[in-house]
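Colleague: The structure follows.
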Amino acid sequence: MKLPIFCPSCDHNLNVSQMKCPDCGTLVNGDYELPTLLKLSREEQDFILNFFLSSGSIKEMAKQAQLSYPTMRNKMDDLIDKVKNMQQEN
């Protein structure tokens, strides 16, 4: 099941309010902001995971996706800008 990150009513970021240990049933309650990477779309998270799994090689990612290096670099730069903007909002 995909973790919801946006409110279905107003489209703002959701916060975590409860977590549960599946082993002992302990509940932790509070109002916690999601980490930056979890605020990204599933596609953006997959992009970052693929970057990590390709040992940080944009060239390798471009090859696997059958895209040009500049196209992949632009995708990376756009994602970097988005993450920087998210961090500045905090």
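Derivation of every value follows stated rules applied to the coordinates shown; laboratory data play no part. Keep in mind that what you see is a predicted model, and the values were worked out from it rather than measured. Backbone-built Cβ (ideal geometry, glycine too); neighbour counts: all protein chains shown.
Colleague: Give me the Å³ per residue figure for the convex hull around the C-alpha atoms of region 36-89.
Modeller: 69
Colleague: Sticking with this structure for a sec: Need the full-extension length gain, CYS24 to MET86, defined as separation in residues times 0.36 nm minus the C-alpha distance. One decimal, nm.
Modeller: 18.8 nm
Colleague: How big, on average over all directions, is the shadow cast by the Cα convex hull of the chain, in nm²?
Modeller: 8.1
Colleague: Next question, about the same structure. Using just the helices of the chain, give the 222 nm mean residue ellipticity in deg cm²/dmol: DSSP H runs with n ≥ 4 each add -39,500 (n - 2.57), and the total is spread over all residues, rounded to 500.
Modeller: Taken over the chain, the calculation gives -14500 deg cm²/dmol.
Colleague: Give me the percent relative contact order of the chain, please, defined on Cα pairs under 8 angstrom at least 6 residues apart.
Modeller: 16
Colleague: Would you mind computing, in nm to one decimal, how far apart the modelled labels at THR36 and TYR69 are, each placed 7 Å from Cα along Cα→Cβ?
Modeller: Those two pseudo-labels are separated by 2.7 nm.
Colleague: Okay, next question. If you put +1 on each Lys and Arg Cβ and -1 on each Asp and Glu Cβ, how big is the dipole of the chain around its Cα centre, in Debye rounded to 20?
Modeller: Taking the Cα centre of the chain as origin, the dipole is about 280 debye.
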